[in-house]
Ligand SMILES: [Zn+2]
Ligand SMILES: [Zn+2]
């Protein structure tokens, strides 16, 4: 007797047919990017299989690219179509979805609160530098009609960490927001803060990044390598110092700059990863200023409707966050472009 299938499976390319057994995935290492064959994943428990149409390169992938090792299929951003479902009340084959990074159990207290990024019982992560991925249904956000896969893919690291920074400083249209570091995350913060009507001061040593931030809506752009950066920030803030600030560099000089120039009762967010240490004086830096400093890894899934609103109402501004697109067959060019820093988000298209 034939074994009963444990998952519903449907591909809109070939309705009713099973998934293929092998697929293309990207491997990186030693400054090279190349294609390898991998088995197509199958969904288990609350998981779905997504046929990826877009996968974005994240700054956190680059350590693997520059390393001496070999990292196969370690992307974690993207959007695509659900093609197989194990057990899910949330998704069905044919749904168009954006993917939150990594994977999560969907059952723990963090997951139930929408904080899937903090899941302590994280199931194995499949990876999104591939034509298909396998992920828990809670990591998927259904895309409304009118938001294509490219824009939808920004709902991962393109906008998530930046939004969490903006939320945690309580940004309003009345605020002046200082953003240090204009890589893809900082640029996402500029786009969102401009959409919300705040005045933005954006800082980066690279001119092309400052120019792009100005196009996205930054009122003032400053060169972070300028020895006069502190008086320039005081001038730009009309002598008040920094009331609200987001660091996207993950580097001590920028982190200290935000703390040193923080005004009374300032709210700061650290978004850029820094596994090192920086010196802090609790009295001088925090207590005597009433400073609030938040650590922001990623957004809460319950905030996703706001980011979808942003994509629907400001698609042109959001679209500027992705500066380059490459097919999987051009993976080397895609990673070289990201490594050059002459770009913002770089998209990989798995079927080209
Ligand atoms: Zn990322
Ligand atoms: Zn969990």
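No lab work stands behind these numbers, since they all come straight from the coordinates. Remember, predicted model here, so these are calculated numbers, not experimental data. As a convention, Cβ positions derive from the backbone with ideal geometry for all residues, glycine included, and neighbour counts pool all protein chains shown.
For residue 35 and residue 122, FRET efficiency with R0 = 41 Å and r from the beta-carbon atoms, rounded to 0.05? Please list the in-between numbers first.
Numbers: r = 27 Å, r/R0 = 0.66.
The computed FRET efficiency comes out at 0.90.
Taking the chain as a Gaussian network, Cα atoms linked when under 10 Å apart, which of 139, 187, 196 shows the biggest mean-square fluctuation?
196
Please rank 278, 220, 72, fewest neighbouring Cβ atoms within 10 Å first, as an exposure proxy. Intermediate results must be reported in sequence, preceding the final value.
On the way: 278 12, 220 19, 72 16.
If I rank by nearby Cβ atoms, fewest first, I get 278, 72, 220.
Order of 323, 21, 172 from fewest to most other C-beta atoms within 10 Å?
Details: 323 17, 21 8, 172 11.
Result, fewest neighbours first: 21, 172, 323.
Given the C-alpha centroids of the range 290-325 and the range 53-114, what is the distance between them in whole angstrom?
17 Å
Quickly estimate the mean residue ellipticity at 222 nm for the chain, helices only: each DSSP H run with n ≥ 4 gives -39500 (n - 2.57), and the total goes over all residues, rounded to 500. Don't skip to the end; give the middle numbers.
Values: 11 runs with 86 residues, N = 352.
Theoretical 222 nm ellipticity from helices: -6500 deg cm²/dmol.
What percent antiparallel are the DSSP beta bridges of the chain, to the nearest 5?
On the way: 33 of 59 bridges.
Close to 55 percent.
Which residues in the range 56-72 place their backbone N less than 18 Å from a point set 7 Å from the Cα of residue 274 along the Cα-to-Cβ direction?
Residues passing the 18 Å test: 60.
Picking from 274, 103, 300, which is most flexible by a Gaussian network model of the chain using Cα springs under 10 Å?
274
Treat each spin label as a single point 7 Å out from the Cα along the C-beta direction, and report the residue 42 to residue 172 distance in nm.
Result for the modelled spin labels: 5.6 nm.
Fewest Cβ neighbours within 10 Å first, please rank 171, 112, 291, 99 accordingly. Don't skip to the answer; put the middle values down first.
Values: 171 23, 112 12, 291 18, 99 26.
The fewest-first ordering by Cβ neighbours comes to 112, 291, 171, 99.
Answer rounded, prolate or oblate for the range 227-352, using the Cα gyration tensor with square roots of eigenvalues a ≥ b ≥ c: rounded when a/c is under 1.5, else prolate when a/b is larger than b/c, else oblate.
Values: a/c = 2.22, a/b = 1.86, b/c = 1.19.
Cα axes put the range 227-352 in the prolate bin.
What do you get for Rg/Rh of the range 160-295 when both radii come from the Cα atoms and Rh is the Kirkwood radius? Show your work: numbers first, answer last.
Numbers: Rg = 13.3 Å, Rh = 14.4 Å.
A ratio of 0.92.
Considering the chain as a Gaussian network with a 10 Å cut-off on Cα pairs, which listed residue, 331, 98, 219, attains the greatest mean-square fluctuation?
219
Rg/Rh for the chain: what does it come to with C-alpha atoms and Rh from Kirkwood? Before the final figure, lay out each step's value.
Working: Rg = 21.0 Å, Rh = 21.0 Å.
Expressed as Rg/Rh, it is 1.00.
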